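Only one structure is covered here, and it is reproduced in the block below.
Read the figures in this text as sums done on the coordinates, not as results from a lab. Small disclaimer: the values here were computed from a predicted structure and weren't measured. Note that we place each Cβ from the backbone using ideal geometry, even for glycine, and neighbour counts take in every protein chain shown.
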Amino acid sequence: MMRIDILTCLPRLLDSWFAESILQRAQGKGAVEVRIQDLRDWSTDKHRKVDDYPFGGGAGMVMTIEPIQRAIDQLKGERDYDEVIYMTPDGERMEQGLVNQLSTLGNLIILCGHYKGVDERVREYLITKEISIGDYVLSGGELAAAVLSDAVIRLLPGVLGDETSALSDSFQDGLLAPPVYTRPADHNGWKVPEVLLSGHEARIHDWRLQQAMERTRQRRPDLLGKDEKD
Ligand code: 6GU
């Protein structure tokens, strides 16, 4: 079973998120155990401080190394971890290939940055991988950790109802997903494409592939190795 420990100074932000939805079901099915860890539990300060002023001055606070190191050391004493991930906008950009890779691993620690980020020595000595979820800045790493965890957990065996459905996701084959329809077949004259009602499996498969390629060409030519739409 995969285990994910998320280290954060704002645990309540994530508690409710992981108590709901597909993530709850994944944990109930024994596919993953997610532990939200409050970094303040490893603070030795009487006010449970986990940050301090930056050396050299400047605005904003910096997360200190001591509670982070103690948390990681304790967890590593309990089990082996494959990666210690730091969520940061200057990390490697998260894409489906990276998510697929992470979903094959056993145990992960994910550290959420806050304030001005963490003391650089955390990144230099304690972190094995730095991940960004896109080119924009969030106020903290918690949402990014939730995004990464969701994308990984839904790929774990037994999590999705239909075992093969992750294979038809957008991006899994380098293409956007084709359009889908359900009843009614005719809504005020807005009709479902005839081929989908035909029962011809091979023709339906071909149609979906054509649609996926056309949609990708129009919306995301970069995925096809092209840089412009026409
Ligand atoms: Cl991982 N953290 C923050 N704070 N902002 C981000 C991000 C991460 N990824 C994109 N923006």
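Figures for the structure shown
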| read-out | value |
| --- | --- |
| Rg/Rg_globular for the chain, with Rg_globular taken as 2.2 N^0.38 Å and Rg from C-alpha atoms | 1.26 |
| Förster radius 25 Å - calculated FRET efficiency between LYS49 and GLN74 (Cβ-Cβ, nearest 0.05) | 0.85 |
| HIS187-LEU138 FRET efficiency (beta carbon distance; Förster radius 41 Å; 0.05 resolution) | 0.60 |
| Inter-label distance for ARG12 and ALA177, nm, one decimal - labels placed 7 Å from Cα along Cα-to-Cβ | 3.5 |
| Listed residue (LEU197, VAL147, LEU224) projecting farthest to the positive dipole end of the stretch 137-230, Cβ model | LEU197 |
| The chain: antiparallel DSSP beta bridges as a percent of all, rounded to 5 | 15 |
| Dipole in debye (nearest 20) - the chain, about Cα centre, beta carbon charges: Lys, Arg +1; Asp, Glu -1 | 460 |
| Whichever lysines have a C-alpha closer than 22 Å to that of LYS49, once near sequence neighbours (fewer than 8 apart) are set aside | LYS116 |
| Convex hull volume per residue for the stretch 170-229, taking Cα atoms only, in Å³ | 92 |
| Inter-label distance, nm, simple model (7 Å from Cα along the C-beta direction), ALA166/ARG25 | 1.4 |
| Trypsin sites (Lys or Arg not before Pro) lying in DSSP loop within the stretch 109-191, provided at most 16 other Cβ fall within 10 Å | LYS116 |
| Extension reserve of the SER198-LYS116 stretch, reckoned as 0.36 nm per residue once the Cα distance is removed | 23.8 nm |
| Listed peptides 61-74, 37-50 by packing density, highest first (mean Cβ within 10 Å) | 61-74, 37-50 |
| Candidate aspartates and glutamates for bridging to LYS29, where Cα separation is under 20 Å - those fewer than 8 sequence places away on the same chain excluded | ASP5, ASP15, GLU20, ASP150, ASP162, GLU163 |
| Segment TYR125-ASP206, length gained on full extension (0.36 nm per residue, minus Cα span) | 24.1 nm |
| Percent RCO, i.e. relative contact order, over the chain, from Cα pairs under 8 Å lying at least 6 residues apart | 19 |
| Candidates ALA202, ALA59, ALA31, ranked by Gaussian network fluctuation over the chain, Cα under 10 Å, top entry | ALA202 |
